[in-house]
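Data first, discussion second: the structure below is written as structure tokens.
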Amino acid sequence: MKRTQAGLGSKNKKVVRLQLDAGFFFERAVRSLDRQRYDKAVKYFRLAMEKEPDNPVNHCNLAGILSELGRYEESNEVLMTVLTDVDPGLHECLFYMANNCANMGEFELAEDYLLEYLSLDPEGEYAEEAEDMLYMVAYELGRPPREPVPAALPAYIKKHEEARHYLEEGRFLQATELLEELVETHPDFLAARNNLALAYYYTGRMEKAMKCIGQVLEADPSNLHALCNLAVLSQHMGEAERSKKIRNTLKKLIPFHRDHAYKLATTMGILGEHEVAFDLFSRLLKVEEHPEPSLYHYAAAAACNTGRLTRARKYWKKAAALDPESDVAPFYLKQVESWLSQPEAEIPTVSYHYQLPFEEQVISGGGLDSNSRLLAQLKMNPLLRSSFFWALENGDRHTKFQVLQVLGWIRDSEVEQLLRQFLLRKDEEDELKKAALIILRDLGAKPPFKVWTEGQIIEAGVKPTDLVPPSNDGKWEQVLECCLNGMKDYSLHQQNEAVMLWKEFALKAASAFPSIRKAEAWAAALEYLVAKNHNLKVTQSHIAEKYQVSPSTVTRIVRELLSVLQKKL
């Protein structure tokens, strides 16, 4: 009997085509999720996305399951595709990306995404969760949360807010760059000039700071921020009469604006006008709906500095209750109890900065090397960073060496930028610049480094591996390393000359590079040539002894070097 397909001969046949569209794959994906078949769910969500590539929901579904599986980077790639190619207005993708970054421990990037989300969509579906998450991220980073900048603000205002954040975080060089650009493009923007004056002040550039303040006051003689800055700078520069005159004017003011009250209160505290500071901080406590712990500390410091120890204790207790993770209030509460029990005790001036005294941090932490929390504060604390910038600009030789050591612990891009600028200063000695070069190398900064030395700019920090190798035995590298180790007492200019001479010799003799049996002998000859070129009183015998090689070998290699480098020398 002839076989036929069942039903093909029927007149009532009904064929229902399977619609393999995005909806079909979405349903399959959901069914796979219900059965905990996550690998299949990913596959079906991806197929749904491919069927309707312009539908952002499909992309978000895929990103969501990837995140659930811990594949956070893949999830963020999908979400970034939505924002760049599919629907740039789907701002909640930024919130999802922030969650993924937080799960990966990339808290700074998470913070950036959260701030961008809140700026673009402050009333969005996840706005409340994003604000809560900002506090969590800030806690992980060990600093107060940053405030989002409304997206509707002009570009120059956003740039100013960014610069202000840099100032608050102690990244003064980055703040300076932004503010200098703003002042050039918007010369009438006085807030930028005021903050630029602060940036110059924090980095020890007093003349530039004074010039900025003068420009602000020329445009607006009653500008409170400029007057406060001028009073502080005048005191630091030893202009006591000028500072006193401005201070007496400021003491008569009664600011109504919250920011003005904060600025004036802080300035009065810095200038030692603690009674005025106490009145202003006390008034702020009364008008603030939810005072920050830092404000209670400011008021407590002013109370303590005016002899109101009982009031100070009350304020620090409030600060401790609001900020139980901080050690600041408990430390000062302990101090207050001690002072109250000893009426004759001499009470030191309490700092208005909301932090432990630096020496107390070092003592309690067992030193910098072992205290990761303190190292984190060194990186983020604006006051401490400002003191390092100041000391590197104005300190004595010993202080500068200490500051360089601390900068080596901080190890960030701001430090690299500062050290590169330090190397170009004409009035700094070579020993300090050598220390800065060592730190830059430890940071992994990319050479070469431009250094001002002996009336000219040289390029230092060239590693042996940066040279073109004339041979593959590695001996040529050993020669330069050995020579530079032996020339540690030479100037940077002389060390750089040894590098350049060896490079010149290596390139010119590349076709017939001599056999190097003992790197120390070639290093001795190279040092001898540099020494004689600078008329230093050395002999070949002395250098041969230093490198533990024979004088005759040094003599032979010197002749060989001179045969190639005669014109160079």
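The values are calculated or read from the model by the stated rules, or taken from the named source; none is laboratory data. None of the values given here were measured: they were computed from a predicted structure. Positions of Cβ are generated from backbone atoms using ideal geometry, with glycine treated the same way; all protein chains shown enter the neighbour counts.
For this structure, a couple of remarks:
- Qualifying residue in region 221-240 (condition: outside any helix (DSSP H, G or I), in the same structural domain as THR266 (by TED's automatic domain parsing), surrounded by fewer than 19 Cβ atoms within 10 Å (Cβ to Cβ) and of a type in the set (Asp, Glu)): yes
- Every residue from region 203-212 that is surrounded by 21 or more Cβ atoms within 10 Å (Cβ to Cβ) and out of contact with any Lys or Arg (no Cβ under 8 Å at 6 or more places or on another chain): THR203, ALA209
- Among all residues of region 485-493, there is at least one that is more than 16 Å from VAL558 (Cβ to Cβ), modelled with pLDDT of 80 or more and part of a helix (DSSP H, G or I).
- Looking across region 166-198 at every residue that is outside any helix (DSSP H, G or I) and touching a Phe, Trp or Tyr at 6+ places or on another chain (Cβ under 9 Å), the one that is nearest to CYS228 (Cα to Cα) is identified as PHE189.
- Scanning region 422-434 for residues that are under 21 Å from the mean Cα position of the chain (by Cα) and aliphatic (A, V, I, L, M) returns a single hit, LEU423.
- Scope region 440-459; condition assigned to a helix (DSSP H, G or I) and at pLDDT 75 or above; matching residues: LEU440
- Any hit, region 273-284, residues being more than 25 Å from LEU230 (Cβ to Cβ) and among the hydrophobic types (A, V, I, L, M, F, W, C): no
- Residue check for ALA192: over 28 Å from LYS400 (Cα atoms), surrounded by 21 or more Cβ atoms within 10 Å (Cβ to Cβ) and among the small types (Gly, Ala, Ser): yes
- Total residues in region 139-189, condition within 30 Å of ASP327 (Cβ to Cβ), aromatic (Phe, Trp, Tyr) and surrounded by fewer than 19 Cβ atoms within 10 Å (Cβ to Cβ): 1
- Screening region 83-100 for residues that are buried (at least 22 other Cβ atoms within 10 Å of the Cβ) and not aromatic (Phe, Trp, Tyr) and picking the one that is nearest to the chain's Cα centre (by Cα) gives ALA98.
- Residue that is surrounded by the most Cβ atoms within 10 Å (Cβ to Cβ), among those in region 537-569 that are in a loop (DSSP other than H, G, I, E, B) and touching a helix residue (DSSP H, G or I) at 6+ places or on another chain (Cβ under 8 Å): VAL549
- Top-ranked residue in region 246-271 [being assigned to a loop (DSSP other than H, G, I, E, B) and without any contact (Cβ under 8 Å) to a residue 40 or more places away in the chain; ranked as surrounded by the most Cβ atoms within 10 Å (Cβ to Cβ)]: PRO255
- Test for LYS317: is it free of Cβ contacts under 8 Å to residues at least 24 places away in the same chain, assigned to a helix (DSSP H, G or I) and closer than 30 Å to ALA191 by Cα: no
- Test for TYR296: is it modelled with pLDDT of 90 or more and under 33 Å from the mean Cα position of the chain (by Cα): yes
- Filter result (within 22 Å of GLN494 (Cα to Cα) and outside any helix (DSSP H, G or I)) within region 510-536: HIS534, ASN535, LEU536
- Restricting attention to region 177-220, the residues being β-branched (Val, Ile, Thr) and either assigned by TED's automatic domain parsing to the domain that holds VAL415 or modelled with pLDDT under 90 (or both) number 1.
- Residues of region 79-89 satisfying the condition of being touching a His at 6+ places or on another chain (Cβ under 9 Å) and either under 18 Å from GLU108 (Cα atoms) or not in a helix (DSSP H, G or I) (or both): ASP87
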